[in-house]
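Remarks on the structure that follows.
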Amino acid sequence: MPHRQQEVGTFTGIMAEIVSRLSFTHRRLLRFPPYRFIVGLGHSHRFLIGTPFLWLILFFLIPFLIILRISFTEAEIASPPFSDLMEWIDDGLLQITINFQNYLELWEDKIYIHAYLNSVKIAFFSTLLTLLIGYPIALAMSRASKKWQLFLVMLVILPFWTSFLIRIYAWITILSPTGVLNNFINWVGMGIGLIDPNSPVTLHILHTDLAVYIGIVYGYLPFMILPLFATLIKIDNTLVEAALDLGSPPLKTFWQITFRLSLPGVLAGCFLVFIPAIGEFVIPDLLGGSNVTMIGKVLYDTYLQGMNLPLVSAISVILLLIVIIPIYIFNRIQAKQFN
């Protein structure tokens, strides 16, 4: 026991010496203005405000500008596989060559236009279905007792403990013509006499738009439920009770009080589903196959077939602009509500 106390005392002494040396070094470095500026930045409100902006600049704005630059170049068999946007010529002149052919090709080729429109359509209706399914679930979770709410939230996020790719492959097993759903319907139908055992039903859901809708709604449903639950749980239930006591019908009370107060959660959930769904690749590729055309799948196929990086960059820029439009609308709505 004394030996153990001696070891603890030695360790404490070493740590105290390290802290003392660091404090001494810190005081010496405070003589230099750059060090004082860095230390002061950590205690300033500008640091807190500037951190997310720095994150957006490094991981969004700069990569976007790189993709935008590549989209105005021409594909070449070289390294890198595209031409220079700017180059120095004789007499020190800077020549800028902007190529709009990639964007013209997107406009003239009906495959890309169809892919964009189909992606917007599938993302929109998937978001709507996710909202219709997720809102009652989130409302029920918010009305549950406190001891059950954490458990229900755990059930919502439980699918994230499994790989997204494995879960989509599981839907292939369920929706295939010889899958679980088809066999279950035949078993039930034959049991009650609605299906002839000699001519069983064959479902053709896989590789259709319906399969893609099922996959997107299943995959992104938690992203709709969680922001809705976070908003609904903050609503004062006494407002609903007061409206009911004053004779307001339940449906009218829900629409004018509960739903309107939950609009921030509705908008947040819709954008958390719509934005990734519009560029989804895995679900259309596995569940939709060649029968469903979405822009994420077209972008992947375009790059593999021709290795045309400028054309792929142009596809990405247009897709990003389509995504920015609803984000801009959302910010305007939020600003009006705040004002």
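Computed values, structure above
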| read-out | value |
| --- | --- |
| Residue selected from segment 286-303 under the condition among the small types (Gly, Ala, Ser) and at negative phi, by the criterion surrounded by the fewest Cβ atoms within 10 Å (Cβ to Cβ) | SER290 |
| Matching residues in segment 84-110 - criterion: being assigned to a loop (DSSP other than H, G, I, E, B) and open to solvent by 80 Å² or more (accessible area, probe 1.4 Å) | ASP84, LEU93, ILE98, PHE100 |
| Candidate set: segment 70-83, residues that are open to solvent by 90 Å² or more (accessible area, probe 1.4 Å) and either assigned to a strand (DSSP E or B) or out of contact with any Ser or Thr (no Cβ under 6 Å at 6 or more places or on another chain) (or both); chosen: the one nearest to TYR103 (Cα to Cα) | ILE77 |
| Any hit, segment 154-175, residues being surrounded by 16 or more Cβ atoms within 10 Å (Cβ to Cβ) and assigned to a loop (DSSP other than H, G, I, E, B) | no |
| Qualifying residue in segment 191-200 (condition: surrounded by 14 or more Cβ atoms within 10 Å (Cβ to Cβ) and part of a helix (DSSP H, G or I)) | no |
| Cross-chain or 6+ apart pairs with Cβ under 9 Å, segment 107-119 first and under 16 Å from VAL212 (Cβ atoms) and at pLDDT 90 or above, then of a type in the set (Asp, Glu) and in a helix (DSSP H, G or I) | ASN118/ASP209 |
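Every residue, every condition in (1) outside any helix (DSSP H, G or I); (2) in contact (Cβ under 8 Å) with a residue 24 or more places away in the chain; (3) surrounded by 18 or more Cβ atoms within 10 Å (Cβ to Cβ), yes or no:
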residue: LEU210; (1), (2), (3): no, no, no
residue: TYR213; (1), (2), (3): no, yes, yes
residue: ILE216; (1), (2), (3): no, yes, yes
residue: PHE223; (1), (2), (3): no, yes, yes
residue: PRO227; (1), (2), (3): no, yes, yes
residue: LEU239; (1), (2), (3): no, no, no
residue: PHE259; (1), (2), (3): no, no, no
residue: VAL266; (1), (2), (3): no, yes, yes
residue: PRO276; (1), (2), (3): no, yes, no
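The values are calculated or read from the model by the stated rules, or taken from the named source; none is laboratory data. The shown structure was predicted, so the numbers you read here are calculated from the model rather than taken from an experiment. Cβ sites come from the backbone with ideal geometry, for glycine too, and all protein chains shown count toward neighbours. Only protein heavy atoms, including side chains, enter the accessible area calculation; ligands, DNA and RNA are left aside. Shrake-Rupley method; radii C 1.70, N 1.55, O 1.52, S 1.80 Å.
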